[in-house]
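**Student:** Could you have a look at this structure, given as C-alpha cells, before my questions?
A short reminder: the numbers here are calculations on the coordinates, not readings from a lab. This is a predicted model, so every value here is computed, not measured. Don't worry about glycine lacking a Cβ; one is built from the backbone with ideal geometry, like all the others, and counts go over all protein chains shown.
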Amino acid sequence: MRTIHSPACENLIREWNSEPHDSVEYRLAGYVYDHSDTEIRDELLTIFDEDPPDCAAVAAARKLWPLLVFGDPIHEPADLLDELDELIRDFGNLHLRATALAAKYRTLEPWSNRWNRYPHPDPTFGHLNIAWAVRELEGFASGAVGSYLRDRLTDARGHAAEIRDYSAEVES
C-alpha cells in the first residue's frame, strides 16, 4: 500500500530513485516508498545508532529525517502551557523569596560588628555588607515585579495559549 509523505519527502524519493540501484539512496527510497513515516523514523534511528557517523547511510538518513511528517507531536501544547504557567509562578515566587531574604538579612543589623574584619589588609565591615546585600535583594525584588523578563514570560504565555489542536473540533 502506498503511503503519503510530505511533498519534500516525495521529491527526495524521486531524486533517489534515479540513483544507481546499488546505492544507499536508491535502497532507502524503496523502503521509504512502502512504509509510514513512523516506521521510517524507527529505521533511521537504527541507522543513526548502529552505523558509523561518516558513512553514506547516515548521510542519507540525515537528509531524510527533517522531511518526515510524524503522526503525533513530541510534546502536547497543553503540557507545555502548564510548564510555562509554572515558570511564571516560579518567577513570582522568586520576587517574594528575594523580599523575604532581604528582610532576614536586615535582622542581622544589630549584630553587624560580629562580621567585621578590621584591622586587616583587606578589611570588611558587617554593617556595610548587610546593607549592600539588603539593597541588592530589594532592588532585584522591585525590578522583578514589572521587569522586562516577566513581560516576556507573559507575552510567551499569551502566544502559547493560542496553540490548539483544531482537528478535534473539526471531527466533532
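**Student:** For each of Ser147, Ser36, count neighbouring Cβ atoms within 10 Å of the residue's Cβ, then give the residues from fewest to most.
**Tutor:** Arranged by neighbour count, lowest to highest, Ser147, Ser36 become Ser147, Ser36.
**Student:** Also: For the pair Arg117 and Ala133, how long in nm is the line joining their label points, each one 7 Å along Cα→Cβ?
**Tutor:** 1.4
**Student:** Here's something else I'd like to know. To test your reading of the geometry: what angle, between 0 and 90 degrees and rounded to tens, separates the Cα axis of helix 77-106 from the longest principal axis of the chain?
**Tutor:** Once rounded, the angle reads 20 degrees.
**Student:** Now a separate question. Compute the long axis of helix 148-161 from its Cα atoms, compare it with the longest principal axis of the Cα atoms of the chain, and write down the angle in degrees, 0 to 90, nearest 10.
**Tutor:** Helix 148-161 sits roughly 30 degrees off the main axis of the chain.
**Student:** Under 18 Å from a point placed 7 Å out from the Cα of Arg106 along the Cα-to-Cβ direction: which residues of the range 116-132 have their backbone N that close?
**Tutor:** Hits in the range 116-132 for Arg106 at 18 Å: 127-132.
**Student:** Once every Cα of the range 7-67 carries one equal point scatterer and solvent is ignored, give the base-10 log of I(q)/I(0) from the Debye formula at q = 0.16, 0.24 Å⁻¹, two decimals.
**Tutor:** Calculated log10 I(q)/I(0) at the listed q: -0.44, -1.02.
**Student:** Please report Thr124, Thr99 as a ranked list, fewest other C-beta atoms within 10 angstrom at the top and most at the bottom.
**Tutor:** Thr124, Thr99
**Student:** Return the label of the correct value of Rg/Rh (Cα atoms, Kirkwood Rh), as calculated from the structure shown, out of [x] 1.07; [y] 1.00; [z] 1.33.
**Tutor:** [z]
**Student:** Now for a separate question. Return the FRET efficiency for the residue pair Phe48, His159: r is the Cβ-Cβ distance, R0 is 45 Å, and the value is rounded to the nearest 0.05.
**Tutor:** Taking R0 as 45 Å, the efficiency between Phe48 and His159 is 0.85.
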